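Shown next, in structure tokens, is the structure this report addresses.
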């Protein structure tokens with residue numbers, strides 16, 4: 001402290017924290033795997049490297065999607081300034097609970113040995129929630145030696161596992177899992193979550209101080225995903241979508257996304273110039289295909305994941321982009337495809353609970369329309385309204401793109417990551 005001429009104390013100007021030199025990111029999936037988290041973390045790693053940091057990634061070989069999406073890649077590589085190390089694991093289908101568990105165990109065991117007895121030169125490690133108990137390695141290693149780490153929470157478990165019915169609420173597995181989480185979060189230097197509801201959940205469930213939980217949303221690359229008129233896309237021409245108002249969902253067809261509302265709306269819109277296109281794979285894929293067939297929904301079609309190099313074409317083959325999240329998932333997960341939907345500059349059709357942050361953003365930014373989970377008739381009316389008013393739809397699409405460029409770019413989010421990383425390692429003001 002110093003004093004001015006009146007004798008009052010004035011605070012010394014705060015100095016910026018020391019920049020962390022070496023960052024290790026750990027996630028089960030990474031490019032060229034089709035998992036969205038793998039692509040997001042690839043973009044983050046590359047951007048952090050551009051910012052002058054030494055970035056390393058530990059992951060496994062592609063195994064997220066169907067076998068036809070698995071691409072050959074080396075065990076070690078350096079690309080775009082990022083050093084990648086891939087661990088060989090089992091590669092059973094993630095839609096099989098036992099197979100997914102075995103995959104994660106064969107990833108975690110060699111990873112734990114690496115973190116305990118391998119290189120210790122990283123200034124900080126970022127553990128993600130893929131697999132969902134990955135961060136426990138950070139907690140356990142930190143009990144044995146100094147191991148500064150952050151947790152990046154995409155999906156909150158065991159909450160999701162209870163919601164989908166994979167484990168029993170209040171049972172032994174859930175109680176043990178929560179105990180593991182308490183160790184993970186409390187020993188971490190900080191936790192990064194995607195939305196305010198997730199921040200509330202972590203603080204409430206695990207007694208973590210709010211100041212150590214940081215909200216940083218996901219993003220989309222405005223250079224890689226750009227608005228293209230539907231009529232100019234090969235995907236729309238191939239599927240003959242040009243003359244119909246087209247709603248596209250592109251991403252994980254997982255259990256915690258709502259599609260029943262979509263199918264109800266499609267049934268009400270049957271015979272009208274409206275098409276629904278579902279692109280992706282996941283736990284609801286077979287059930288959705290059967291429902292579409294049994295209900296005779298010729299206006300709904302399903303397609304596999306599209307190659308990443310043509311993703312901009314397929315995402316733009318629509319008049320509106322669909323984002324959904326099931327009832328009871330608020331705070332447990334946030335749909336990362338929201339950001340790519342903003343990027344294409346089309347109105348976003350959001351399906352969620354009434355109290356969701358997704359709805360708050362849609363309403364505040366006028367970048368689309370919102371429908372409550374289960375209200376198929378309302379969804380049908382909203383789609384009719386967009387189809388009947390192209391000028392309004394275009395205005396919402398422009399707002400969507402502007403929102404992405406303002407708040408959800410890689411550069412913006414990477415700066416926030418670096419602020420958290422640097423202040424976590426060097427918190428001295």
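Some notes on this structure:
- Scan the range 270-290 for residues that are more than 18 Å from residue 370 (Cα to Cα), under 27 Å from the mean Cα position of the chain (by Cα) and not in a loop (DSSP other than H, G, I, E, B) and the total you get is 9.
- Taken over the range 126-144, residues that are out of contact with any helix residue (DSSP H, G or I) (no Cβ under 6 Å at 6 or more places or on another chain) and touching a residue at least 60 places away in the same chain (Cβ under 8 Å) amount to 3.
Conditions (1) more than 15 Å from the chain's Cα centre (by Cα); (2) outside any loop (DSSP other than H, G, I, E, B); (3) at pLDDT 90 or above; (4) surrounded by fewer than 23 Cβ atoms within 10 Å (Cβ to Cβ), marked per residue:
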position: 14; (1), (2), (3), (4): yes, no, no, yes
position: 18; (1), (2), (3), (4): yes, no, no, yes
position: 25; (1), (2), (3), (4): yes, yes, yes, no
position: 37; (1), (2), (3), (4): no, yes, no, yes
position: 43; (1), (2), (3), (4): no, yes, yes, yes
position: 49; (1), (2), (3), (4): yes, yes, yes, yes
position: 57; (1), (2), (3), (4): yes, yes, yes, no
position: 64; (1), (2), (3), (4): no, no, no, no
position: 73; (1), (2), (3), (4): yes, no, yes, yes
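- Any helices (runs of 4 or more DSSP H) falling wholly within the range 160-269 and containing at least 2 residues that are in contact (Cβ under 8 Å) with a residue 60 or more places away in the chain and in the same structural domain as residue 307 (by TED's automatic domain parsing): 234-239, 260-268
- When the range 87-97 is filtered for residues that are touching a strand residue (DSSP E or B) at 6+ places or on another chain (Cβ under 9 Å) and either part of a strand (DSSP E or B) or crowded, with 16+ Cβ neighbours inside 10 Å (or both), the ones remaining, listed by number, are 87, 89, 91.
- Residue 263 being surrounded by 15 or more Cβ atoms within 10 Å (Cβ to Cβ) and over 28 Å from the mean Cα position of the chain (by Cα): no
- One residue alone among 366, 289 is more than 19 Å from residue 34 (Cα to Cα), touching a residue at least 24 places away in the same chain (Cβ under 8 Å) and surrounded by fewer than 22 Cβ atoms within 10 Å (Cβ to Cβ), and that residue is 366.
- Some residue of the range 399-411 being in the same structural domain as residue 243 (by TED's automatic domain parsing), in a helix (DSSP H, G or I) and closer than 20 Å to residue 262 by Cβ: yes
- Residue within the range 98-108 that is surrounded by fewer than 17 Cβ atoms within 10 Å (Cβ to Cβ) and in a loop (DSSP other than H, G, I, E, B) present: no
- Number of residues in the range 308-354 that are in contact with a strand residue (DSSP E or B) (Cβ under 7 Å, 6 or more places away or on another chain) and either at positive phi or part of a loop (DSSP other than H, G, I, E, B) (or both) equals 10.
- When each of 329, 325 is tested for being over 20 Å from residue 408 (Cβ atoms) and buried (at least 21 other Cβ atoms within 10 Å of the Cβ), the lone residue that passes is 329.
The values are calculated or read from the model by the stated rules, or taken from the named source; none is laboratory data. Owing to the predicted nature of the structure, the values given are computational and were not obtained by experimental measurement. All Cβ positions, even for glycine, are placed from backbone atoms using ideal geometry, and neighbour counts span all protein chains on display.
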